[in-house]
Amino acid sequence: MHNSIKPKVTLVGAGPGDPDLLTLKGVKALAEANVVLYDALANEEILDYAPKKSLKIFVGKRKGCHAYSQDQINQLIVDNAFTYGNLVRLKGGDSFIFGRGSEEIEFVESFGIPTFVVPGISSSMAVPANQGISLTKRGVSESFWVITGTTSDRNLSKDVALAAQSSATVVILMGMSKLEQIVSLFQKESKGETPVAIIQNGTMPNEKIGIGTIDSILNVVKENNLSSPAIIVIGEVVRERNKLKGFYQELAFNKVCARE
């Protein structure tokens, strides 16, 4: 390592997918990067904000496709920061919402490297919002849960069973492979008629959505060929989405009529 190189690591949340949903602070951090380590869930268009001469390293991390283990990623961050100086770790969504960002920060700081965090727009809120689903709404939902469908030991989070007992909106990330179990837990709580939305590739041009109920959602997924990466939203607010969509469609129709 050359003596003039000063290592620095910045975790940047890339947002839910649409590159326009990257924060201005994230853009500024990328503009100063000498090297960028990026995940599968970070839109590659965002890399255009980094200097052309900067090194870009893909480190994978998607179901069934792990280019590197988390331990290897941690070491790559440290090694490249010492070699190149200013490093940006680009992670999908927000780094601290099931992104293992805190683990990476702790590892990097154990080597005495200064770290900084640029929050990202979490897909848990942005993807439903993009589909007109308000996670909270007066008189409908007072709170929401955000839960990982698959824990580090590959099991369904026990919090899903607790969430099924509440009246809150439930947002489940990384839960498509556990959908049958999720449905069963809600059915045990007599919530078969509770609305469900599954949004695949949220905020992207190839976004797909399936709407149903706890009792029907498995068929909806099959009919619409929905798969990961997708977000599961369970709660009465999903029913409100249809009202909101109808309102905006009517508004657009009236504007067209007025112009004619």
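Listed by chain and number, the aspartates and glutamates whose C-alpha is less than 16 Å from the C-alpha of K28, apart from same-chain residues fewer than 8 away, are D20, E45, D48.
Convex hull of alpha carbon positions in region 8-118: directionally averaged projected area 6.0 nm². Take the Cα of S152, go 7 Å toward its beta carbon, and the backbone nitrogen atoms of region 84-114 under 18 Å from that spot belong to 95-110. Taking a probe of 1.4 angstrom, what is the accessible area of K137 in Å², to the nearest 10? The value for K137 is about 90 Å².
Distant-in-sequence amide contacts of G60, defined by a placed amide H-H separation under 5 Å and a gap of 5 or more residues or a different chain, comprise A40, A67.
Projecting the alpha carbon convex hull of region 123-240 along each direction and taking the average yields 6.5 nm².
Against the criterion of solvent-accessible heavy-atom surface with a 1.4 angstrom probe, R154, R138, R239, R89 sort, most first, into R138, R154, R239, R89.
At a Förster radius of 45 Å, what calculated FRET efficiency corresponds to the Cβ-Cβ distance of F58 and K137, to the nearest 0.05? Using R0 = 45 Å, I get an efficiency of 0.70. Each DSSP beta bridge with both residues in the chain is either parallel or antiparallel, and the antiparallel ones are about 45%.
Listed by chain and number, the aspartates and glutamates whose C-alpha is less than 14 Å from the C-alpha of K25, apart from same-chain residues fewer than 8 away, are D94. Shown are F98, F186, whose ranking by accessible area with a 1.4 Å probe and every protein chain present, most to least, is F98, F186. Taking Cα centroids, how far is region 212-243 from region 72-139 in Å? Computed from Cα coordinates, the inter-centre distance equals 27 Å.
Using the Cα coordinates of the chain, the gyration tensor eigenvalues translate into equivalent-ellipsoid semi-axes of 37, 23, 15 Å, sorted from longest to shortest.
The values are calculated or read from the model by the stated rules, or taken from the named source; none is laboratory data. From a predicted model like this one, the values you see are computed outputs, not experimental measurements. We place every Cβ from the backbone using ideal geometry, glycine too, and count neighbours over all the protein chains shown. Quick note on the areas: whole protein, heavy atoms, side chains included, nothing else; ligands and nucleic acids left out. Shrake-Rupley method; radii C 1.70, N 1.55, O 1.52, S 1.80 Å.
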